[in-house]
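A short worksheet on the structure shown next.
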Amino acid sequence: MENYTAHPTAVIDDGCQIGKGTRIWHFSHVMPGCVIGENCNIGQNVVISPEVVLGNNVKIQNNVSIYTGVICDDDVFLGPSCVFTNVTNPRSAVNRRGQYAKTYVGKGASIGANATIVCGHNIGKFAFIGAGAVVTKNVPDYALLVGNPARQTGWMSEYGHKLQFDTNGHATCQESGQTYRLENGVVIRTDT
């Protein structure tokens, strides 16, 4: 018995593990060997290639492509039409299937609409990638990146607000009241 919901137009290949409460919408394709956690929402026209791993509560908007080699931790948000790559030097006539590079997206990270994540990089927990950004390097926890190529312009709270650090390196999220410390280029939440 299936414990997830899939629209009749969705294609779910054999050999997938899909968690309880997950919803898969129109025209999406989940390929063999995928592991999808509980309570995920996979929008319309999403491609999830073989052996992709998604944690719990991952939200994927419409028209997203997630290729082999991608692992998303819990609570990741993937905005409309964002895309991951898995080969750094693709050629039509050269088969590089055994050379897929890994990409890891940390817990709570958000990737904006039309962003491109070039393979082989890690995106830290609660990082925020702006719409249209092209990520070509590792992204620290809580970092805010925008542009092409993506460059860091600040730090974000776990609630998605830009953090304003005082001269002592302390900041408070305006919505949650969570507190953070910036020290030597690393942000740490301090109220836990």
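See the values below:
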item: Test for T68: is it modelled with pLDDT of 95 or more and touching a helix residue (DSSP H, G or I) at 6+ places or on another chain (Cβ under 9 Å); result: yes
item: Residue match in the stretch 126-139 (condition: touching a residue at least 24 places away in the same chain (Cβ under 8 Å), over 16 Å from I71 (Cα atoms) and not hydrophobic (A, V, I, L, M, F, W, C)); result: no
item: Candidates Q152, Q164 - the one that is within 24 Å of V64 (Cβ to Cβ) and either in contact (Cβ under 8 Å) with a residue 12 or more places away in the chain or out of contact with any Pro (no Cβ under 8 Å at 6 or more places or on another chain) (or both); result: Q152
item: I48 being in contact with a Cys (Cβ under 6 Å, 6 or more places away or on another chain) and either within 27 Å of G19 (Cβ to Cβ) or buried (at least 21 other Cβ atoms within 10 Å of the Cβ) (or both); result: yes
item: From N89, N56, residue being surrounded by fewer than 20 Cβ atoms within 10 Å (Cβ to Cβ), free of Cβ contacts under 8 Å to residues at least 24 places away in the same chain and polar (S, T, N, Q); result: N89
item: Count of residues meeting criterion [surrounded by fewer than 17 Cβ atoms within 10 Å (Cβ to Cβ), small (G, A, S) and in a strand (DSSP E or B)] in the stretch 128-163; result: 1
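Condition check ((1) polar (S, T, N, Q); (2) surrounded by 15 or more Cβ atoms within 10 Å (Cβ to Cβ); (3) within 13 Å of the chain's Cα centre (by Cα); (4) not in a strand (DSSP E or B)) across all residues:
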{"site": "N114", "(1), (2), (3), (4)": "yes, yes, yes, yes"}
{"site": "C119", "(1), (2), (3), (4)": "no, yes, yes, yes"}
{"site": "F126", "(1), (2), (3), (4)": "no, yes, yes, yes"}
{"site": "D166", "(1), (2), (3), (4)": "no, no, no, yes"}
{"site": "G177", "(1), (2), (3), (4)": "no, no, no, yes"}
{"site": "V187", "(1), (2), (3), (4)": "no, yes, no, no"}
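Per-residue answers, yes or no, for (1) in a loop (DSSP other than H, G, I, E, B); (2) among the basic types (K, R); (3) within 9 Å of the chain's Cα centre (by Cα); (4) on the phi > 0 side of the Ramachandran plot:
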site: I71; (1), (2), (3), (4): no, no, yes, no
site: S81; (1), (2), (3), (4): yes, no, no, yes
site: V87; (1), (2), (3), (4): yes, no, no, no
site: G98; (1), (2), (3), (4): no, no, no, no
site: A101; (1), (2), (3), (4): yes, no, no, no
site: Y104; (1), (2), (3), (4): no, no, yes, no
site: G108; (1), (2), (3), (4): yes, no, yes, yes
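The values are calculated or read from the model by the stated rules, or taken from the named source; none is laboratory data. Predicted model only: the values in this text are computed from it and were never measured. A quick note on method: Cβ atoms are made from the backbone with ideal geometry, for glycine too, and the neighbour counts reach across all protein chains shown.
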